[in-house]
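*Asks:* Quick one: the structure is below, and I'll ask about it shortly.
Please treat every number below as a calculation from the coordinates, not as lab data. Just so it is clear, the model here is predicted, and its values are computed rather than measured.
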Amino acid sequence: MTAQTDTQGSVTTVYKVSGMSCGHCEGAVSGEISEIPGVSSVKAVASSGEVTVVSAAPLDEAAVRAAVDEAGFELAGTA
């Protein structure tokens with residue numbers, strides 16, 4: 001189940017991240033994912049556990065998983 005939208009040269013993907021519970025969590029996850037090359041925008045929402053990522057091309061899930069892990073959380077897959 002992949003939520004991926006291809007729009008005007010960018011790809012929007014919604015990931016599920018478990019363990020986020022506050023604004024600090026959102027910032028940590030957003031900060032790590034935004035360092036992945038090609039990422040132009042990240043919006044994490046702790047209440048839903050969803051992280052919306054806009055990138056120039058589809059991202060390698062292993063890179064996203066590593067970024068989320070670095071922030072101290074677990075990637076549960078795509079929404």
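*Asks:* Given the Cα atoms of the chain, and with Rh set as the inverse mean 1/r over their pairs in the Kirkwood sense, what is Rg to Rh to two decimals?
*Replies:* On the way: Rg = 11.2 Å, Rh = 12.0 Å.
My calculation puts Rg/Rh at 0.93.
*Asks:* Quick one: angle between helix 61-70 and the longest Cα principal axis of the chain, in degrees between 0 and 90, rounded to 10, please.
*Replies:* 30
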